[in-house]
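S.K.: Quick one: the structure is below, and I'll ask about it shortly.
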Amino acid sequence: MMHFENHQYFYLLALLPLLLLCWIISRWRQEKVMHSLGDRHLVEKLISGSSLYWQVIKWLLLLLAFLCLLLVLCNPYIESNGTATHNAGATDVVFVVDVSQSMNVKDVAPNRISQVRNVLQKAMTSFTQEQVGIVLFAGKAGAYVPLTNDYDYVNNAIPHISSDLMEQGTSLRESLKIAQLLFDPKTSRNKFIVLLSDGEFHDTPSMALSDSIIKSGTTLLALGFGTPTGGEVPMEGQERSDLVKRDPSGNPIHSFLHENAMKQMVGNQQLYYRVTNNAAAMVWLLERIQEKERTQIVRSRKPVWNQFLILALVFLILEMVVVTTRFPTKK
């Protein structure tokens, strides 16, 4: 499909009515002169090449030449899609980890946050050249590990991930913004944001932000931790304690996995995975990443302005031939 880089020159099309008006005025004045000389048909026979037919052809050739030159100014090009293979290391992965108090629920053994740490550790053993970063969020969000391929550094940081690192609450939108800032916008590397959460955010602005992230070319994946039946939420700072949070009525606060919210966040249920087995979760995650690494659509541009320039020259030459050629008149 043809595209144009400089659309502003299309405003010059407004000159076409002006050119048409000039031609009409010129033709009117010519007719007036011919009438003043005598009989119109006799004058036309005496003056070769002055028929209306050839004048229209001459004007159309000039018009076509003008249009072709206008297209040259617009810098037309043809964009095509091709498939390119990328190196396995040309990938950045930012894990956005939910460390809110609900991640301490024990509906999965030993609890959700421990399962998150296990998945992250398995990821470090599976990656080779990918750059990895970690963002934590609860009431606030912050970059816990910047993008790096120093896996030893990341492995040393993972065991310390807990709900004690962040003020409690849910600030998913802020965490997604920070995750985007970790990427280098100047590189063409594959970019992944992997959300690890139980889905208890109910955040409409975050949904809108995730949609813009996906449209920017970053792949958004989600790993869900917990069960649909859920469990009781421990007291703040009590990851391994049996003390639970209670509502004003004294009833234990219950938390469960919100899978629908996770699926809506990534925009495609095929990009969401509920973690029931850490090893299986890593296989799924690596498959999604390797799919992107193996194949990526790359657009190529082929300029075609020179073809329109040649056409413009052809039309101008033809216009000159029509003007200078003398056609015999009938006797």
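S.K.: Criterion first (open to solvent by less than 40 Å² (accessible area, probe 1.4 Å) and part of a loop (DSSP other than H, G, I, E, B)) does Phe192 satisfy it?
M.R.: Against the criterion (open to solvent by less than 40 Å² (accessible area, probe 1.4 Å) and part of a loop (DSSP other than H, G, I, E, B)), Phe192 does not qualify.
S.K.: Residues in the stretch 175-216 that are over 17 Å from Phe95 (Cα atoms) and of a type in the set (Val, Ile, Thr): how many?
M.R.: Number of matching residues: 2.
S.K.: Which residue out of Leu147, Leu120 is open to solvent by less than 50 Å² (accessible area, probe 1.4 Å), among the aliphatic types (A, V, I, L, M), out of contact with any Cys (no Cβ under 8 Å at 6 or more places or on another chain) and assigned to a helix (DSSP H, G or I)?
M.R.: One residue alone meets the criteria, Leu120.
S.K.: Out of the residues in the stretch 308-331 that are part of a helix (DSSP H, G or I) and either modelled with pLDDT under 85 or among the charged types (D, E, K, R) (or both), state the one that is nearest to the chain's Cα centre (by Cα).
M.R.: Of everything passing the filter in the stretch 308-331, Glu319 is nearest to the chain's Cα centre (by Cα).
S.K.: Return a yes/no flag: does the stretch 23-39 have any residue that is open to solvent by 80 Å² or more (accessible area, probe 1.4 Å), at pLDDT below 85, small (Gly, Ala, Ser) and out of contact with any helix residue (DSSP H, G or I) (no Cβ under 9 Å at 6 or more places or on another chain).
M.R.: Yes, the stretch 23-39 contains at least one residue that is open to solvent by 80 Å² or more (accessible area, probe 1.4 Å), at pLDDT below 85, small (Gly, Ala, Ser) and out of contact with any helix residue (DSSP H, G or I) (no Cβ under 9 Å at 6 or more places or on another chain).
S.K.: Looking only at the stretch 230-275, filter to residues that are among the acidic types (Asp, Glu) and either touching a strand residue (DSSP E or B) at 6+ places or on another chain (Cβ under 7 Å) or within 20 Å of Arg117 (Cα to Cα) (or both); which one of those is modelled with the lowest pLDDT?
M.R.: For the stretch 230-275, the residue satisfying everything is Glu239.
S.K.: Give me the residue from the stretch 161-170 that is under 19 Å from Gly199 (Cβ atoms) and in contact with a Gly (Cβ under 6 Å, 6 or more places away or on another chain) and, out of that set, least open to solvent (accessible area, probe 1.4 Å).
M.R.: Applying the filter and picking the extreme gives Gly169.
S.K.: Checking Thr227 against (1) part of a helix (DSSP H, G or I); (2) modelled with pLDDT of 90 or more, which single condition isn't satisfied?
M.R.: The single condition Thr227 does not satisfy is (1).
S.K.: So if I check each of Ser206, Ser210, which one is outside any loop (DSSP other than H, G, I, E, B), small (Gly, Ala, Ser) and modelled with pLDDT of 85 or more?
M.R.: It is Ser210.
S.K.: Filter the stretch 240-277 down to residues that are within 16 Å of Met103 (Cα to Cα), in contact (Cβ under 8 Å) with a residue 24 or more places away in the chain and among the aliphatic types (A, V, I, L, M), then give me how many there are.
M.R.: Going through the stretch 240-277 one residue at a time, the tally reaches 4.
The values are calculated or read from the model by the stated rules, or taken from the named source; none is laboratory data. None of these values were measured; they are calculated from a predicted model. In this analysis, Cβ positions are derived from the backbone assuming ideal geometry, glycine residues included, and neighbour counts consider all displayed protein chains. With ligands, DNA and RNA removed, areas are computed over all heavy atoms of the protein, side chains included. Shrake-Rupley method; radii C 1.70, N 1.55, O 1.52, S 1.80 Å.
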